[in-house]
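The values are calculated or read from the model by the stated rules, or taken from the named source; none is laboratory data. Please read all numbers here as calculations on a predicted model, not as lab measurements. Quick reminder, even Gly has a Cβ in these numbers, built from the backbone with ideal geometry, and neighbours come from all protein chains shown. Accessible surface is based on the protein model in full, side chains and every heavy atom, while ligands, DNA and RNA are left aside. Shrake-Rupley method; radii C 1.70, N 1.55, O 1.52, S 1.80 Å.
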Amino acid sequence: MTFRTAHVQAPTTPVGALPGPVANLLAAIHAALDVPLADRPVDDKQRADLLTQRATDTRVLVELCLTHGDLTRTAMRLREWTAQHPVRYATWQARTEQATAEETQLLDAEPDVPSSTAGGGWKRPGQLSSSPGGEQRCPAAHPEDPTPCVGPVVVTVLDAANAGANGCEHHGARLLASLDGGRVYALPDAPDGAAIRVFKAADTIRPFPWMTDAPRTRPEQLSRAEARQRGEGQ
């Protein structure tokens, strides 16, 4: 009878216990290779070229470090080379952080009270939003969204922190599609099926649908339905 040999895990070194020069060099390497995703597909090549350039610089300096053993100088030089090749395109991370910051400003901690409208956010339930054409719209309508309301205010859309806004079915769906972990509930006087219709509509709407300046190809830029179809096709 043959038994499998037990594998013994090699001892590990806690991150905080790494020698200072080693931790410093690893941090410099991480910073050099941490090239953010481009927000627009047109900038994907620029991002790829930057990553290739920084990876090449890192490999050259690591090879020199292996020869000469000067960790501190290698880290310093790598940071200098990295600074010479900065990110010059709009990043997807920046867009995500901006959207998160806007949601924080737009929606208050209370479930039915969105935040102030500073920064172009959603209105409070008692306020109406104005479209570029001047029409008064429901609180769920984003000021940058040019579309008019479709019907009366019938649903409340909440985010993951239970902050939210009331809206018509049209703008409720567009808001729900733009939130992570969002939910929708019908108001007491809403017609039957309002929340279900908003939920189903949001599934096919891309986040921030009024932003149409560039094509969207990555899963996080697509509607939930498109993302599922792409996953099933792989």
remark   = For the range 179-200, the count of residues that are part of a loop (DSSP other than H, G, I, E, B), more than 14 Å from A165 (Cβ to Cβ) and touching a strand residue (DSSP E or B) at 6+ places or on another chain (Cβ under 7 Å) equals 1
ask   = Taking the range 134-152, which residues are over 17 Å from P209 (Cα atoms), open to solvent by 60 Å² or more (accessible area, probe 1.4 Å) and either part of a loop (DSSP other than H, G, I, E, B) or acidic (D, E) (or both)?
value = E135, P152
ask   = Which of the residues belonging to the range 73-84 are open to solvent by less than 60 Å² (accessible area, probe 1.4 Å) and under 11 Å from R54 (Cα atoms)?
value = L78, T82
message = Quick check on this structure: which one of D180, D213, D203 is at pLDDT 85 or above and open to solvent by 20 Å² or more (accessible area, probe 1.4 Å)?
response = D203
request  = Please indicate, with yes or no, whether at least one residue in the range 60-72 is open to solvent by 60 Å² or more (accessible area, probe 1.4 Å) and under 30 Å from L222 (Cβ atoms).
outcome  = no
message = Residue pairs, Cβ under 7 Å, 6 or more apart or interchain, first in the range 67-81 and over 10 Å from L25 (Cα atoms), second part of a helix (DSSP H, G or I) and among the acidic types (D, E). List them.
response = W81/D57
